[in-house]
Amino acid sequence: MASLTPNVAQASRIVIKIGSALLVDAEGLRQDWLSALALDVAAMRLRGADVILVSSGSIALGRRVLGLPLGALPLEQSQAAAAVGQIRLARAYEEVLAPHDVKTAQVLVTLEDTDNRRRYLNSRATLETLLAMGVVPIVNENDTVATDEIRFGDNDRLAAQIAVTVGADQLILLSDVDGLYTANPKSDPTATRLDVIAKITPEIEAMAGDPVSGLSKGGMKTKVLAAKTAVAGGCAMAIMEGSVLRPLTALQEGAACSWFLADVDPQAARKRWIAAMKPRGALQLDEGAVLALQAGKSLLPAGIRDVTGEFGRGEPVLIVSPQGDALGKGLVRYTSQETRQIAGHKSGEIEDILGYAGRAALIHRDDMVI
């Protein structure tokens, strides 16, 4: 099984989740640990990998500034602490990565941003643009506005959703435990770590108990749930103990961890997801658009002959030939009303027709399956 273990040095797009307990201690921000992590991130960027950091810590930092007590806080105080701490968190990452010529950006999301297809497309487009510009996005849940019904509730599952959203091939959860065990190793001396999990079975899920140290908010159960999301999206996921300096270098050199394997790559998983959707409408193409799609290009408004059905931005539509044969499906970037307005027109005319500068492609090639 060792040959199946992913190599972090070969990741082309990697998401790294950082828990509060690693980043903040009783004295405040762990500056030495963060500076060492920056060396790992800079090394990954230098070899051409895209990197996204999903970081906890804003509430922990903010509550110190505000003098709030330890333990559970009322929602309003948690949101206030997050608002204060988020500034410091973003600045800390900027300051440790800037000396390595790595630009950073702050991205705050809620569960709604991934559940709602319009917001999902916007989030994905923003993250893709930042990565294309060589920026390292620092992602966190938007605790200042999120209420229970629109919360992920833990950054393990948020990190998995971000990994799937951007088509990452690896997700690393830097945690307070070094992997998934058959039982709690603190209470069961016979417990053994599972180094490679090829498939998440009910038995694997049953092994997930409470966090060993009590520091992780989500615990092992949320990590296994995160793994289910990640691997379904074609992304391998590792759980490792992250307190060591330069944890990603340690992982590359064989540090103890548990790897959850994906049986497809991110692009194939995304295509499979789109193919399973129920279309809300249909776009009939002209011959030129059919040839363009067969050549692997995106679908432009100029190639649309007819629009049927009612759909919103980000919803699935059927793509059909001039003869009415189904060619595939895709997530459309305009509403049905807007699509009818721009159908047959060049992308450069979109702003004059709709009154705003929209995206050139009606359906991007990454958002369709033919």
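Just so you know, all these numbers are worked out from the coordinates, no wet-lab data involved. Note that the structure is predicted; figures quoted are calculated from it, not measured. As a convention, Cβ positions derive from the backbone with ideal geometry for all residues, glycine included, and neighbour counts pool all protein chains shown.
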> Counting only complete DSSP H runs, which helices of the chain cover 15 Å or more along their long axis at the Cα atoms and score a mean Kyte-Doolittle of -1.0 or above?
Replying inline: 31-46, 75-97, 117-132, 155-166, 219-232
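Counting Lys and Arg as +1 and Asp and Glu as -1, each charge on the Cβ, what is the dipole of the stretch 277-369 about the Cα centre in debye, to the nearest 20?
Working: 11 positive and 12 negative charges, 48 e Å.
Rounded to the nearest 20 debye, it is 240 debye.
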> Of L362, G328, P301, whose Cα points farthest to the positive end of the dipole of the stretch 277-369 (charges on the beta-carbon: +1 Lys, Arg; -1 Asp, Glu; origin at the Cα centre)?
Replying inline: G328
> For the residue pair Q323 and N122, what label-to-label distance in nm results when each label sits 7 Å from Cα along the Cα-to-beta-carbon direction?
Replying inline: 4.2
> Between I87, I138, I162, which gets the highest mean-square fluctuation from a Gaussian network model of the chain, Cα cutoff 10 Å?
Replying inline: I87
> So how strong a dipole does the chain carry about its Cα centre when Lys and Arg Cβ are +1 and Asp and Glu Cβ are -1, to the nearest 20 debye?
Replying inline: 400
> For C235, which sequence-distant residues (separation of 5 or more, or a different chain) have an amide H within less than 5 Å of its own amide H, given hydrogens modelled in the peptide plane?
Replying inline: none
> If you rank F311, F260 by fewest surrounding Cβ atoms within 10 Å, what's the result?
Replying inline: F311, F260
> Once the convex hull of the C-alpha atoms of the stretch 231-370 is built, how many Å³ does it hold per residue, rounded to a whole number?
Replying inline: 154
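Listing K278, K228 from the residue with the fewest other Cβ atoms within 10 Å to the one with the most, what is the order? Can you show the working numbers first?
Values: K278 8, K228 16.
By the 10 Å Cβ count, ascending, the order reads K278, K228.
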> What lysines could a cross-link reach from K329, if we take a straight Cα to Cα line under 19 Å and drop same-chain neighbours fewer than 8 places away?
Replying inline: K271, K278, K297
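Take D40, D25, D366, D32 and order them by how many other Cβ atoms sit within 10 Å, fewest up front.
Starting with the residue having the fewest Cβ neighbours, the order is D32, D25, D366, D40.
Given 37 °C and 0.692 mPa s, compute D for the stretch 2-267 with the Stokes-Einstein relation, Rh being the Kirkwood radius over Cα pairs; round to the nearest whole µm²/s. Can you show the working numbers first?
Values: Rh = 18.5 Å.
Here the translational diffusion coefficient equals 177 µm²/s.
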